[in-house]
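The values are calculated or read from the model by the stated rules, or taken from the named source; none is laboratory data. Predicted, not measured: the structure shown is a model, and the values here were computed from it. Neighbour counts run over all protein chains shown; Cβ positions are idealised from the backbone, glycine included. SASA here: full protein model, heavy atoms, side chains in, ligands and nucleic acids out. Shrake-Rupley method; radii C 1.70, N 1.55, O 1.52, S 1.80 Å.
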Amino acid sequence: MTSPKYARDTERGRYYSDPAGGPDLVSVTNVIDTAVNKSHALIPWGVKVTVEHVLDHLDAVTVRAADDRPTLTRELKALHREAKERAADLGDRVHAAAEGHVLGAPVADDAEVRPYLLQLKIWLTSWGINLREHVVATEVTCFHRRLGYAGTADLMVWLPTGPGGRLELWLIDYKSSATRPAKSVYPENTLQLAALRYCETVLLPDDTDAPMPRIEKAGVLNLRSRSHALVPMPADRTAHRAFRGALENTKWLHAAASSYPALLPPAADAPTTRKAA
């Protein structure tokens, strides 16, 4: 995961420090990771990664199962974590390359990232986006101090999606994947975009605040190695209310104690107030 200027990782997930000196703000992704159950998707995916590895290396696995079963078991159990870390690392590099390109900054030549960046360039060209005229912000930190959360918006850009081709301000989140179809999204993507859309302020480069721009549309820009798709998401007030519920759940969980004193039975010789029948 990319690390914005004021973001920091804690034992309870990512939080943002407030340059204005207020309390720390829980990150939008931390809220979603804490409050949204992803096991229904991650468990089958982890099983699939492990099974495919075993089938692709069946002879070697068979030999090692007989010679060193404990070590093999540990390695197989780690496969899905390693695959997830590789995917996250690729996502971070794609985000960094996208940000650099949009800002006109030098972008490292990364063979694995190159196809994803090409898809971004194709998308920008197909929409006639002039980086200087149409891009409002990229990788900008957004605060909602009153509710106690913060996050980073990947891209705010004007697109001709209104009536008669009128320009509308879009909030866009990049998503990259080596396996998922370009048009696929997750429900929690809507929560993420709604949380950012209805922030109160954005943080300027000099650490001062500016009002959050009025976002008209929101969507996920899925970047794949051979395709791309901009998927509009219903990141409206209803979705924001749902996010606020997840936010309260997250705050409670993060503040809750991890252990409590056990209740012991009364001592055998302690007096009792129960009267004999």
In a Gaussian network model over the chain where Cα atoms closer than 10 Å are linked, find which of Asp24, Asp110, Asp236 has the largest mean-square fluctuation. Asp110
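For every other residue with a beta carbon closer than 9 angstrom to the beta carbon of Glu168, add +1 if it is Lys or Arg and -1 if Asp or Glu, then tell me the sum. Please list the in-between numbers first.
Working: positive: Arg166, Lys217; negative: Glu216.
Here the charged neighbours net out to +1.
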Would you kindly derive the ³J(HN,Hα) couplings of the range 121-138 from the backbone phi angles with the Karplus curve 6.51 cos²θ - 1.76 cosθ + 1.60 (θ = phi - 60°), listing them in order in whole Hz, with x for Gly and Pro? 4, 4, 5, 4, 5, 5, 9, x, 7, 8, 4, 7, 8, 9, 7, 8, 6, 9
Protein chains only, probe 1.4 Å: how do His101, His144 rank by accessible area, largest first? His101, His144
Would you kindly derive the ³J(HN,Hα) couplings of the range 49-62 from the backbone phi angles with the Karplus curve 6.51 cos²θ - 1.76 cosθ + 1.60 (θ = phi - 60°), listing them in order in whole Hz, with x for Gly and Pro? 4, 5, 5, 4, 5, 4, 5, 6, 10, 4, 4, 5, 5, 4
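Between Ser258 and Ala108, how high is the FRET efficiency from 1/(1 + (r/R0)^6) when r is the Cβ-Cβ distance and R₀ = 30 Å? Nearest 0.05. Let's see the in-between values first.
Details: r = 41 Å, r/R0 = 1.38.
Computed FRET efficiency for Ser258 and Ala108 comes out at 0.15.
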Taking the chain as the region of interest, what is the percent of Cα-Cα pairs per 5 angstrom bin, listed from the shortest bin to the one with the maximum distance? 1, 5, 10, 13, 15, 14, 11, 8, 6, 4, 4, 3, 2, 2, 1, 1, 1, 0
If you take the beta carbon distance between Arg146 and Ala78 as r and set R0 to 51 Å, what does 1/(1 + (r/R0)^6) give as a FRET efficiency, to the nearest 0.05? 0.75
Gain upon complete extension [Lys5, Thr62; 0.36 nm per residue less C-alpha separation]: 15.7 nm
I need the phi-derived Karplus couplings for the range 5-13: 6.51 cos²θ - 1.76 cosθ + 1.60, θ = phi - 60°, integer Hz, Gly and Pro marked x. 3, 9, 7, 8, 8, 10, 5, 10, x
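Which sequence of Tyr198, Tyr260, Tyr116 reflects their accessible areas, 1.4 Å probe, from the largest down?
So the residues, ranked largest to smallest area, are Tyr260, Tyr198, Tyr116.
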Could you compute the FRET efficiency for Glu216 and Leu118, with r as their C-beta to C-beta distance and R0 at 35 Å, rounded to 0.05? 0.80
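Compute the length gained on full extension between Asn130 and Trp45: take 0.36 nm times their separation in residues and subtract their Cα-Cα distance, giving the result in nm to one decimal.
Values: separation 85, 0.36 × 85 = 30.60 nm, distance 3.91 nm.
Answer, rounded to one decimal: 26.7 nm.
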What accessible area, in Å² to the nearest ten, does a 1.4 Å probe give for His228? 60
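So how strong a dipole does the chain carry about its Cα centre when Lys and Arg Cβ are +1 and Asp and Glu Cβ are -1, to the nearest 20 debye? Walk me through the numbers before you get to the answer.
Working: 34 positive and 33 negative charges, 193 e Å.
Using Cβ point charges on Lys, Arg, Asp and Glu, the chain gives about 920 debye.
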What number comes out for the charge environment of Ala60, summing +1 per Lys or Arg and -1 per Asp or Glu over other residues with Cβ under 12 Å away? -4
Which residue fluctuates the most in the chain, going by a Gaussian network model with Cα springs under 10 Å, if the choices are Ile215, Ile172, Ile43? Ile43
Hey, can you grab everything whose amide H is under 5 Å from the amide H of Met212? Only 5+ residues off in sequence or another chain; H modelled, so Pro and N-termini drop out. Thr201, Val202
Quick one: P(r) of the range 130-247 from all Cα-Cα pairs, 10 Å bins, percents rounded to integers, in order of increasing distance. 13, 43, 34, 9, 0
Using a 1.4 angstrom probe, figure out how much accessible area the chain has per residue, in square angstrom, rounded to the nearest whole. 59
Out of the total accessible area of the chain (probe 1.4 Å, heavy atoms of protein only), what percent is carbon and sulfur? 57
Sticking with the crude label model, points 7 Å out along Cα→Cβ, report the distance from Thr238 to Glu168 in nm, one decimal please. 1.6
5 Å is the cut-off here: which amide hydrogens, built 1.01 Å from N in the peptide plane, fall below it relative to Val140, excluding neighbours closer than 5 in sequence? Ala153
